[in-house]
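This report concerns only the one structure given below.
Only the coordinates and a few stated rules stand behind these numbers; no lab work does. Just so we're clear, the structure is a prediction, and the values are computed from it rather than from any experiment. Counting neighbours? That spans all protein chains shown, and the Cβs are built from the backbone with ideal geometry, glycine included.
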Amino acid sequence: MSLIINDLTKTFHKASAPALDHVNLTLEPGIHGLFGRNGAGKSTLLATIANRILPTSGDVELDGEDVRDNEHAQARIHLVNETLPFLFGMRVSSFLKREGRYCGGIDGEAAARMLAAFGIKENASYGGLSLGQRQIVRLVAGLCLPVDVLLLDEPVNGLDAANRERFYRLLIASFAERPRVIVVSTHIIDEVAQVVERAVILDHGRVVDAFDAGDVASRATVLVGDETRVNAFVDAEGLQPVAVERMGRLATVTVRGHVDERDAPDGIAVSGLGLQDYFIRVTGDGGTTGKMTGAGGAEDFAGNAATAGATATGGDRDA
């Protein structure tokens, strides 16, 4: 089973930059993290996959079927996003049944167990729940629907720390029981770093990288030392800078790829990056200065994005 995004473009206004600009991705079963700064286009991309927004050009295929105007394919895709349904007079149990009608049923027993874990009763009024509890009900519904593609746009908004951790555990257990394509779009990268198997990073209208999340340490290396010495080492080894920060004579240079600390000269400290730090370095200043551009800079990541399980070119700009 695969979800293929083919040359997807979305323009909202003729005079503005495209919100989606020739995006290509292939997503196989797994938990995928979709990361991008504000305005990167994550929400637009997910809504287009779910057929909530029609593309200007390009298409989305699920097992070879175009999802546009295709009820069978659309029933296999479910999006949970910030658009909250105005069903405040409905019981939680009725809300779950309503969601199931669009997707071929719902696993009521699993939903009841998950809701109980959060202390939510099925006979409770949906409208009487707090914002976070209503979000939990919608997430539980998504996990218990028999869909092949589950899209979660900022799923933990409104959830406290304990309930976020509980949701992540349920997400992993649900996937283990029934593998499928799950995409989690979030700004809380540190929390999901141990949950997602693959990562897709969007920036300024382009997919700048797509890779196995467990391999993030090999995507870039941080070199810290005297600026002259660091620059000489970078040049001598032909390393490609992604970001640079300077403080007096001290330079912190992030370069693409893995650098063995044994290969660095004395006086240069070498360290890897976690997923969130890598994301910050690749997508913008993030508090750094002197970000490298042009040849060897972050812009080149789009042309060298990993293709093992997710190919990526283009990008999107909206949300």
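Quick notes on this one:
- Loop-resident GluC sites (Glu not before Pro) (DSSP state other than H, G, I, E or B) in segment 142-202 with no more than 16 further Cβ atoms inside 10 Å of their Cβ: E197.
- Among A210, A15, A251, the largest mean-square fluctuation in a Gaussian network model of the chain, built with springs joining Cα atoms closer than 10 Å, belongs to A15.
- Label-reachable residues, segment 41-78, where backbone N falls under 18 Å from a point 7 Å from N157's Cα toward its Cβ: 41-53, 78
- Taking the fewest neighbouring Cβ atoms within 10 Å as the starting point, the ordered list for S94, S185 is S94, S185.
- Gained length - R169 relative to E109, 0.36 nm times residue gap less alpha-carbon distance: 19.8 nm
- Helix 227-237 axis versus longest C-alpha principal axis of the chain: approximately 80°, rounded to the nearest ten.
- Correct choice for P(r) over Cα pairs in 10 Å bins from 0, in percent that was computed from the model, options (1) 5, 18, 22, 21, 16, 10, 5, 2, 1, 0, 0, 0; (2) 6, 25, 30, 22, 12, 5, 1; (3) 5, 22, 26, 19, 12, 6, 4, 3, 1, 0, 0: (2)
- Placing dummy labels 7 Å off each Cα toward the beta-carbon, the span from E65 to R98 is 2.6 nm.
- Within a Gaussian network of the chain (alpha carbon springs, distance under 10 Å), most fluctuating of L87, L273, L239: L87
- Considering only T228, T48, T252, the mean-square fluctuation computed in a Gaussian network model of the chain, springs between alpha carbons under 10 angstrom, is largest for T228.
- GluC sites (Glu not before Pro) within segment 72-159: DSSP coil, no more than 13 neighbouring Cβ in 10 Å: E82
- Residue among G248, V156, I136 farthest towards the positive dipole end of the chain, charges placed on Cβ: I136
- Electrostatic dipole magnitude of the chain [Cβ: Lys, Arg +1; Asp, Glu -1; Cα centre; debye, to 20]: 1240
- The length gained by stretching the chain between E82 and D226 to full extension, at 0.36 nm per residue less their Cα-Cα distance, is 47.2 nm.
- Looking at segment 57-128, the trypsin sites (Lys or Arg not before Pro) that sit in a DSSP loop and have at most 14 other Cβ atoms within 10 Å of their own Cβ are R68, K121.
- The simple spin-label model puts a point 7 Å past each Cα toward its Cβ; for D215 and H258 those points are separated by 1.0 nm.
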